[in-house]
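The structure under discussion appears below in the form of structure tokens.
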Amino acid sequence: MNQGYSTVLFQIDTTQSASKQTQIREFFVTAILNRSLMPGDALPSTRVLSEQLDVSRNTVILAYQALTDSGYIEPKDRSGFIVSPEAPVGQIPETLSQPADDQVKWTEKFVQKPSKLNIISKPLNWREYDFPFNYGQADSTLFSHSEWRDCARQALGIRDFGITAGDFGYNDDPLLVDYICSHSLPRRGIQVKPSQILVTMGAQNALFLLIQLLVSNDKKVVIEDPFYPDLRELLKRHTSHIRTLPVDDDGVIIDDDIIASADMVIVTPSHQCPTTATLSRDRRKNLLALAQKHDVLVVEDDYEFEMNFIEAPSPALKSMDDSGHVIYVGSFSKSLFPGLRLGYLVASEQLIEEARSLRHLMLRHPPGQTQRTAAYFMALGHYDAQIKRLRRHFSNRRKILHENLDQENLLEETGAHFGGTSFWINGPEWLDARTLAEKAAEQSILIEPGHHFFNAETPPKNYFRMAYSSIHEDKITHGFEKLVDCVKSLKP
């Protein structure tokens, strides 16, 4: 390296998803922030750096230009660059005080310990597994990246930036609310006004708001069994009066006396979590009649309504409600991607008003840029194209996995008759799905043990969930065969 230039000790990593230009920018930003490079230090010329990194000179020029635009470096003389005197270099305090041991008695400080909850743990590195049959993750190859990027760029444009970069306060993006009101909900047979919709940070945030507003220790809540464990654990922290109803092939089994004595019933009627069963029409009518007669609130979690590719889904419970007792929760996590964290709540204006105020205290509102980007993605037709693509691929994946399951006598499955993204598997009585999951992971296979979903102190061990939303069609059969070998190896 030429004298007078700061030494650059890094190489382009061709295995990274980040572009070469992005890697160059990230290196210099990190070096400046951690004081490896100081204001006034000279940077290698674009020619020297391009030769060292074995990249085109134009790549380095664009990276340097971006760093200049963001104030980290500035041009010097005719061809050189230095770290800008105004660069945000990290400040080192005069003294650093770090106790050798944490002396706080934390066990005496906590009023509750959520870390002890019986909830599902999802591995962050699931993409590294050869056969990811894990639930709730998105296949990035099926997503419209370029269209989403265009919508994000439009949302960041001058026309929209003043709105989306501001504080929405109690409000939501009107474009997104309009789409939900005029497109998403009518698909489920629901007709409401915009004032009856609240945008949330995913469906779980919507459910959290409802429980905070409507559940206390004197309230009686009825849930399904098996059931979504995260929500069950949240309920346990608000009331000790929780009763469960079993589930069969027609969804949750309605017990008139239990429903009549409840204050709230939480159900997943379209696609029961986790069994995938759909609540029959007769049971829906019975549940609604009981709710109206005994003034019971019904929370409908419709978390996967877009994933119908075999036959049309049943109308939402909310669409059959003419008394206002049904509270509807929707989500875009399965149809777009879970990291988006966008859901919505549909209920009477009085409840939405209180939920809006509570949301304001918690997080004010979901990010404006995210809401506007999603609104453009939907309004421009990209969302419908995305749904169509997902249905086509999921239909094929479901067919392959279903054929494999049908040929294997050891495992019995339940799958939503209209589609969905997973199967609920019942293994032999001697099978411990937790042990199976550990053994399968050693073979680079991911599944989800089912014990979390049951309410009993000693839940059945032989259930697990297999999803096909994030595994490629070509890998399903081989992955399933390897999983069956794991099951057989555990037989006593």
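Considering only the range 179-206, state which residues are more than 29 Å from E311 (Cβ to Cβ) and under 23 Å from the mean Cα position of the chain (by Cα).
L198, V199, T200, M201, N205
Considering only the range 451-487, state which residues are in a helix (DSSP H, G or I) and either not charged (D, E, K, R) or not assigned by TED's automatic domain parsing to the domain that holds H393 (or both).
Residues satisfying the conditions are H451, H452, F453, I476, T477, H478, G479, F480, L483, V484, C486, V487.
Please give the strands (runs of 3 or more DSSP E) falling wholly within the range 152-262 in which 1 or more residues are over 21 Å from V326 (Cα atoms).
242-248
Residues of the range 388-421 being in contact with a helix residue (DSSP H, G or I) (Cβ under 8 Å, 6 or more places away or on another chain) and over 24 Å from F309 (Cβ atoms), which ones?
Answer for the range 388-421, where residues must be in contact with a helix residue (DSSP H, G or I) (Cβ under 8 Å, 6 or more places away or on another chain) and over 24 Å from F309 (Cβ atoms): just L410.
What are the residues in the range 365-376 that are under 18 Å from R149 (Cβ atoms) and either in contact with a strand residue (DSSP E or B) (Cβ under 8 Å, 6 or more places away or on another chain) or not assigned by TED's automatic domain parsing to the domain that holds D172 (or both), if any?
Residue satisfying the conditions is Q371 alone.
Which pairs turn up if I take residues in the range 4-26 that are assigned to a loop (DSSP other than H, G, I, E, B) and look for partners that are at pLDDT below 80 with beta carbon separation below 8 Å, at least 6 apart in sequence or on another chain?
Sorted first by the residue in the range 4-26, then by its partner, the pairs are T7/M1; V8/M1.
Looking at (1) out of contact with any Asp or Glu (no Cβ under 6 Å at 6 or more places or on another chain); (2) of a type outside the set (F, W, Y); (3) closer than 27 Å to K236 by Cα; (4) in a loop (DSSP other than H, G, I, E, B), find the lone condition where L361 falls short.
For L361, the failing item is (4).
What residue, among those in the range 422-449 that are part of a loop (DSSP other than H, G, I, E, B) and touching a helix residue (DSSP H, G or I) at 6+ places or on another chain (Cβ under 6 Å), is farthest from L124 (Cα to Cα)?
Per the criteria, the residue is Q443.
So E147 ticks every box in (1) buried (at least 17 other Cβ atoms within 10 Å of the Cβ); (2) within 30 Å of E354 (Cβ to Cβ) but one. Which box is left unticked?
Of everything listed in (1) buried (at least 17 other Cβ atoms within 10 Å of the Cβ); (2) within 30 Å of E354 (Cβ to Cβ), E147 misses just condition (2).
Just a yes or no: is a residue in the range 354-371 closer than 14 Å to D178 by Cα and surrounded by fewer than 21 Cβ atoms within 10 Å (Cβ to Cβ)?
no
Here are the criteria: (1) aromatic (F, W, Y); (2) over 20 Å from P226 (Cα atoms); (3) in contact with a Cys (Cβ under 9 Å, 6 or more places away or on another chain). Tell me which single one Y468 does not satisfy.
The single condition Y468 does not satisfy is (3).
Only one of (1) modelled with pLDDT under 95; (2) out of contact with any Gly (no Cβ under 8 Å at 6 or more places or on another chain) fails for I447. Which number is that?
For I447, the failing item is (1).
Take the conditions at negative phi, crowded, with 19+ Cβ neighbours inside 10 Å and of a type in the set (D, E, K, R) and apply them to E442. Does it pass?
no
Sort out which residues of the range 191-208 are touching a Ser or Thr at 6+ places or on another chain (Cβ under 7 Å) and surrounded by 24 or more Cβ atoms within 10 Å (Cβ to Cβ), and write them in order of number.
If the condition is that a residue be touching a Ser or Thr at 6+ places or on another chain (Cβ under 7 Å) and surrounded by 24 or more Cβ atoms within 10 Å (Cβ to Cβ), then A203, A206 are the ones that fit.
Within the range 395-414, is even one residue out of contact with any Cys (no Cβ under 9 Å at 6 or more places or on another chain), of a type in the set (K, R), in contact (Cβ under 8 Å) with a residue 24 or more places away in the chain and not assigned by TED's automatic domain parsing to the domain that holds I180?
yes
Kindly indicate whether P274 is part of a loop (DSSP other than H, G, I, E, B), touching a Lys or Arg at 6+ places or on another chain (Cβ under 9 Å) and crowded, with 24+ Cβ neighbours inside 10 Å.
Details: part of a loop (DSSP other than H, G, I, E, B): yes; touching a Lys or Arg at 6+ places or on another chain (Cβ under 9 Å): yes; crowded, with 24+ Cβ neighbours inside 10 Å: yes.
It is true that P274 is part of a loop (DSSP other than H, G, I, E, B), touching a Lys or Arg at 6+ places or on another chain (Cβ under 9 Å) and crowded, with 24+ Cβ neighbours inside 10 Å.
If we keep just the residues of the range 110-130 that are over 20 Å from the mean Cα position of the chain (by Cα) and touching a residue at least 60 places away in the same chain (Cβ under 8 Å), which is nearest to L234 (Cα to Cα)?
Within the range 110-130, the match that is nearest to L234 (Cα to Cα) is Q112.
Looking at (1) within 22 Å of P367 (Cα to Cα); (2) within 19 Å of the chain's Cα centre (by Cα); (3) modelled with pLDDT under 95, which one does D150 not meet, given that it meets all the others?
(2)
The values are calculated or read from the model by the stated rules, or taken from the named source; none is laboratory data. Model, not experiment: these values are computed from the prediction. So basically every Cβ, Gly included, is an ideal-geometry build from the backbone, and we count neighbours across all protein chains shown.
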